Amino acid sequence: MRWSGQWAGRTAPDAVLALVLLGFGLFATGLAGDNQPGSRPVDAACRVLIVVAALALLARRRAPVATLAVVTVTTSTYLVSGYPYGPILLTFLVAVYTVAVRLPVRPAALSTGGAFVVLLAHVFVSRGPAPGWTAVLPTSAWLVVPFAVGVVVRVNREAAARSRAEEARGRAEQARRRTDEERLRIAQEVHDVVGHGLAAISMQAEIALHLLPKRPEQAEIALTAISRTSREALDELRVTLGAVRQGAERGPVPGLARLPALRDRLAGAGLAVEMRVVGDPRELPAAVDLAAYRVVQEALTNVLRHAGVSDAEVTVGYRAEELTVEVTDGGTGAAGDGIDLAGDGDGVGGHGLAGMRERVAALGGRLAAGPRADGGFRVYARLPVEPAA
């Protein structure tokens, strides 16, 4: 039933066209004959040829070559019979156009060339006045013009189809890139949340194990800190993973306003962090605020894991057109462990440092990390922001 409806929908325009040409041919052929002395009068055979040629157009989409063959033979017979030049040539024109627009150029040209040879018969053999060689050029026009128009239309359609296909591929590629970027962003968020939380929990657990045999009351403080840290990390992880749930509302992302809470959490893990602010704090774009917080969080997590020190310093600088964050420690960073995360060198470093680079570079900023001349390690990030109003 569905196929029948689709077929009817495609055939309806051809049926209308065939009926229009049929009605026009039956009505106007006699008028054309009145203006062509010597032509054969319109009779029943003439009308049959007009009907056959017009109705053949019903199959022009499904069988364009067969349609052209029927229309060509019918039209040539009509002209050889001496009937007047008239609307039947419009039917022939439509058949040629259909072949040109629906077939590749080579088979369309071969079919049209064969039709031209058959149509030339009336130039030399006709029951009416035979026009002779002078009619070759006008006859060819009935093929060349619709053929050229059909080829142009076909080329334009193919170009439009290729353009639509390329646009569709471009949209699909863009959607894939957005999906990959979102997955990478979520992976970075999960890494930062889980990595920092586990580092703090690990340090607190070591403290608790060390104190438990001799001073269990102080071990209880470390265990309480473990409970608090794990709960906070799980809450932040839940907010982050909520982004992948369809229709889920995203909670507020962390920013520099949460640095005091981060400092307190690290203090419970045995790392004292001194916070300094340079310049006038102001509201930042969410992406910049989050990136700055993550850089500080990851840098302090690395201090907690690897530096072997109990203190670090964080400096946040608000400048006219950029935000800077600097994390320094007096640990055991060795010469040669440096990394320029602005993209100037390959550098070395773990997944956390690579994540910092990607975050900062995505916002048009620069990030460098490496040992300090007087000992310890330094992470420094510059993030562009709109000038303060």
Report task. Write out, first by first residue and then by second, each pair whose Cβ atoms fall under 9 Å of each other, whose residues are 6+ apart or on separate chains, and whose first residue, in segment 10-29, is in contact (Cβ under 8 Å) with a residue 40 or more places away in the chain while the second is of a type in the set (S, T, N, Q). Result -> ALA18/THR91; LEU21/THR91; GLY25/THR91
Query raised in the report: In segment 259-287, what count of residues is obtained for those that are surrounded by fewer than 18 Cβ atoms within 10 Å (Cβ to Cβ) and either outside any strand (DSSP E or B) or charged (D, E, K, R) (or both)?
Result: 15
Query raised in the report: Assuming SER76 fulfils every condition listed in (1) over 24 Å from GLY150 (Cβ atoms); (2) among the small types (Gly, Ala, Ser); (3) surrounded by 16 or more Cβ atoms within 10 Å (Cβ to Cβ) apart from one, which condition is it?
Result: (1)
Requested in this report: Take segment 80-126 and flag every residue that is without any contact (Cβ under 8 Å) to a residue 24 or more places away in the chain, out of contact with any helix residue (DSSP H, G or I) (no Cβ under 6 Å at 6 or more places or on another chain) and under 27 Å from PRO37 (Cα atoms).
Outcome: VAL117, LEU120, PHE124
**Report entry** Among (1) farther than 20 Å from ARG382 by Cα; (2) at pLDDT 80 or above - the single one VAL278 does not satisfy
**Finding:** (1)
Report summary line: If we keep only residues of segment 310-336 that are of a type in the set (A, V, I, L, M) and within 13 Å of GLY370 (Cβ to Cβ), then the residue modelled with the lowest pLDDT is ALA335
Query raised in the report: Applying the selection to segment 111-125, what residues are within 16 Å of ALA148 (Cβ to Cβ) and loosely packed, with under 14 Cβ neighbours inside 10 Å?
Result: GLY113
Query raised in the report: In segment 288-325, what count of residues is obtained for those that are among the acidic types (Asp, Glu), over 15 Å from GLY365 (Cβ atoms) and part of a loop (DSSP other than H, G, I, E, B)?
Result: 0
Report summary line: Conditions (1) within 29 Å of ALA267 (Cα to Cα); (2) at pLDDT below 85 -> ARG378 fails only (2)
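The values are calculated or read from the model by the stated rules, or taken from the named source; none is laboratory data. This one's a predicted model, so the numbers in the text were calculated from it and none came from an experiment. Cβ: placed from backbone, ideal geometry, glycine included. Neighbour counts: every protein chain shown.
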